[in-house]
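The structure under discussion appears below in the form of structure tokens.
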């Protein structure tokens with residue numbers, strides 16, 4: 001996932017970024033409310049982690065402005081203010097979750113990943129055919145073709161391709177694939193993702209002029225036509 005941390009405590013922000021990076025995610029950091037708001041408006045983030053008390057613009061005003069602008073990116077509000085009315089205020093401002101500091105990193109990570117899963121589109125909202133450039137996946141018949149040429153995939157490869165196509169053009173991390181395709185919530189310490197990506201790439205890209213499945217070293221993967 002790609003995350004944005006808006007936190008004025010530099011040590012705390014660095015700690016969060018390090019932990020989230022080690023968990024397989026990509027995290028940007030802003031140390032004041034104005035800079036954070038601009039990044040949130042300009043970037044394509046999966047989850048925002050926003051502290052309430054920030055210089056230049058407070059955290060809840062950031063959330064309100066994002067919601068007023070039609071942005072639906074999930075927000076986890078972080079704050080040392082933990083009274084019931086303060087938590088309610090944070091949620092009513094547009095926060096999707098509220099975590100009182102100090103908190104265990106494991107809980108924060110679990111909440112972030114839960115927010116990201118909740119934000120993913122459900123199957124009923126997806127059209128019957130997914131398309132990325134000349135690659136097509138018929139969801140009802142579980143049939144894959146590219147430029148009219150039938151491509152035969154194994155069940156796991158189909159599941160992997162479907163997830164990538166639903167997030168076409170966006171970075172998908174190894175952790176996201178382990179959770180969503182393999183239903184694993186831990187690192188199995190194997191190259192299962194890399195090997196499956198390699199097999200899928202051989203089938204959907206090898207016989208075609210334009211590659212669609214791209215590896216971003218140290219970050220993850222992206223499905224799309226770079227041209």
TODO: Would you check if residue 161 is in the same structural domain as residue 201 (by TED's automatic domain parsing) and in contact with a helix residue (DSSP H, G or I) (Cβ under 7 Å, 6 or more places away or on another chain)?
DONE: yes
TODO: Mind telling me which of the residues 14, 44 ends up being surrounded by fewer than 18 Cβ atoms within 10 Å (Cβ to Cβ), over 17 Å from residue 174 (Cα atoms) and within 13 Å of the chain's Cα centre (by Cα)?
DONE: 44
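Residues checked against (1) under 23 Å from residue 45 (Cβ atoms); (2) without any contact (Cβ under 8 Å) to a residue 24 or more places away in the chain:
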site	(1), (2)
109	yes, no
142	no, yes
158	no, yes
165	yes, no
199	no, no
211	no, yes
- [ ] Assess whether residue 146 counts as being in contact with a helix residue (DSSP H, G or I) (Cβ under 7 Å, 6 or more places away or on another chain), farther than 16 Å from residue 196 by Cβ and either without any contact (Cβ under 8 Å) to a residue 40 or more places away in the chain or in the same structural domain as residue 183 (by TED's automatic domain parsing) (or both).
- [x] yes
Open item on the list: Residue under question is residue 170, and the condition is that it be in contact (Cβ under 8 Å) with a residue 60 or more places away in the chain and either under 20 Å from residue 116 (Cβ atoms) or over 18 Å from the mean Cα position of the chain (by Cα) (or both); does it hold?
Closed with: yes
Open item on the list: Being more than 23 Å from residue 157 (Cα to Cα) and at pLDDT below 90 narrows it down to one residue among 106, 116; which is it?
Closed with: 106
Task: Matching entry among 58, 9, 32 (being in contact (Cβ under 8 Å) with a residue 12 or more places away in the chain and within 30 Å of residue 216 (Cα to Cα)) - done: 32
Task: Elements of type helices (runs of 4 or more DSSP H) in region 136-227, at least 2 residues being exposed (fewer than 12 other Cβ atoms within 10 Å of the Cβ) and out of contact with any strand residue (DSSP E or B) (no Cβ under 7 Å at 6 or more places or on another chain) - done: 192-204
- [ ] Consider residue 100 carefully, then state whether it is in contact with a helix residue (DSSP H, G or I) (Cβ under 8 Å, 6 or more places away or on another chain) and touching a residue at least 60 places away in the same chain (Cβ under 8 Å).
- [x] no
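The values are calculated or read from the model by the stated rules, or taken from the named source; none is laboratory data. Please read these numbers as outputs of a predicted model, since none were measured by experiment. Glycine gets a Cβ as well: all are built from the backbone with ideal geometry, and neighbour counts include every protein chain shown.
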